[in-house]
Amino acid sequence: MLCLTHLIQPLKQEEFLKNNWTRKAIAISSKGQKNFTDLFSWDKLNHLLNFHQIEYPDLRLAFDGKVLEAKENRNLTQWCQKGATLIIDQIHKRVPEVSLFASKLSYELGYPTQVNAYCSWSNKKGFSKHYDTHDVFILQVEGSKQWYVYTDTFKYPLPNQKSSSFAPPEEEAYLSCILHPGDVLYIPRGHWHYAVTQEEPSIHLTLGIHSRTSVDLLEWLIGQLQYREEWRKGLPLRIDETSFNVSVENLIQDLKEYINNHNISEEYNNYLDGLGKPVEQYNLPYQAGFNIFDRGVETKFKVSQFQRLKILQMPDDDGYKILVSGKEVSIRGVPESLVKNLFSRETFTGKDVINLLPDYDWEIDIMPMLSKLVSERVIFVESGA
């Protein structure tokens with residue numbers, strides 16, 4: 001099942017994308033049919049606090065609508081007793097189950113995701129009315145929480161356009177709801193909101209979707225133009241207004257030609273794919289070149305999950321370029337049948353590769369190729385298989 005589909009059940013994905021995504025908040029009741037304790041829980045929270053050194057501001061406290069200073073983390077328990085909200089950022093980098101979930105959703109939507117945890121106490125409000133500069137899903141894990149969502153006063157704010165620079169709306173909330181365990185609340189970017197915990201202590205996860213904007217596209221294009229000499233050259237001194245104007249017009253014409261001669265959408269798409277990070281990056285000692293083929297042809301390999309991997313044929317037809325996680329890896333002298341079959345599987349063995357390459361020698365041809373893919377973190381040796 002698709003990750004987004006599962007997240008918003010029983011609401012239909014088509015209905016959500018048409019009526020709510022970037023437009024309007026919606027509370028989705030699970031009616032007790034699902035929960036999120038497989039992702040996070042009080043036990044997992046305590047494990048993070050007891051066995052991980054999480055520094056401010058990734059670990060912080062909020063009280064009376066304000067974030068407390070870093071030094072107050074030393075009095076964490078006392079502040080929680082007073083009712084301060086405990087916040088841990090980026091738990092998708094700290095909890096394997098959350099990492100897998102966030103990576104899968106990011107792969108599906110095509111944009112980065114971030115997951116933060118919020119722990120709060122009876123009848124307390126951690127933050128005052130504010131908006132986020134990205135779309136968010138609230139996943140209620142434990143307890144219950146009352147939410148109020150208001151219209152946006154500034155459409156589609158960018159990351160530097162914080163709610164602290166604007167006055168909140170004066171009208172009543174257009175959505176008021178209580179989330180119970182397993183419920184989900186979607187809040188579009190720029191929509192003001194705040195929450196109040198009910199009688200029981202609450203844990204919720206905030207899942208942020210960092211969609212790219214047209215401004216991001218232009219910033220990427222500026223990065224591409226930096227490699228062109230004419231764009232690095234200084235503009236004429238403004239003593240001569242005519243020369244200055246001619247230079248600007250020439251640059252505008254050059255930009256038009258550049259756009260016409262490049263497949264901007266494909267190049268930008270490839271750039272975004274390259275930003276994706278694998279769920280697992282380290283596979284030692286194999287990536288250091290040791291013990292890769294301990295089981296010989298029975299050695300089992302796995303392809304990194306939830307990455308937008310692209311395979312392009314080389315201009316000389318002598319191999320393929322693999323584009324993944326911002327890097328380019330070349331494998332030469334292999335047929336198309338290998339790359340199509342190999343990377344369409346979750347796992348494969350050395351014997352599978354031999355079957356795909358019957359005319360290739362295991363030690364001379366295949367082992368060096370697989371070793372390269374392991375060292376470049378394109379594939380991973382499956383331990384204990």
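Solvent-accessible surface (1.4 Å probe) assigned to F63 amounts to roughly 50 Å².
Put Y271, Y258 in order of accessible area, highest first, and with a 1.4 Å probe you get Y271, Y258. Taking H92, H210, H47 as the candidate residues, the one with maximal mean-square fluctuation in a Gaussian network model of the chain, Cα springs under 10 Å, is H47. Between K12 and D58, the contour length at 0.36 nm per residue exceeds the alpha carbon distance by 13.1 nm. When the Gaussian network model of the chain links Cα atoms closer than 10 Å, the mean-square fluctuations of R189, R23, R74 top out at R74. Applying a DSSP loop filter and a limit of 12 other Cβ atoms within 10 Å to the GluC sites (Glu not before Pro) in segment 296-359 leaves E346. Residues W42, W192, W362, sorted by accessible area with the largest first, give W42, W362, W192 [1.4 Å probe; ligands and nucleic acids excluded].
Helix content alone sets the calculated 222 nm mean residue ellipticity of the chain: runs of n ≥ 4 DSSP H residues at -39500 (n - 2.57) each, divided across all residues, give -8500 deg cm²/dmol. Simple spin-label estimate for E170 and N260 gives 5.3 nm between the two label positions (7 Å along the Cα-to-Cβ direction from each Cα).
GNM on the chain, alpha-carbon springs under 10 angstrom: the most fluctuating residue among P57, P278, P112 is P57.
The values are calculated or read from the model by the stated rules, or taken from the named source; none is laboratory data. In this text the structure is predicted, and so the values were computed from the model without any measurement. Glycine gets a Cβ as well: all are built from the backbone with ideal geometry, and neighbour counts include every protein chain shown. Keep in mind that these areas ignore ligands, DNA and RNA; they rest on the heavy atoms of the full protein, side chains included. Shrake-Rupley method; radii C 1.70, N 1.55, O 1.52, S 1.80 Å.
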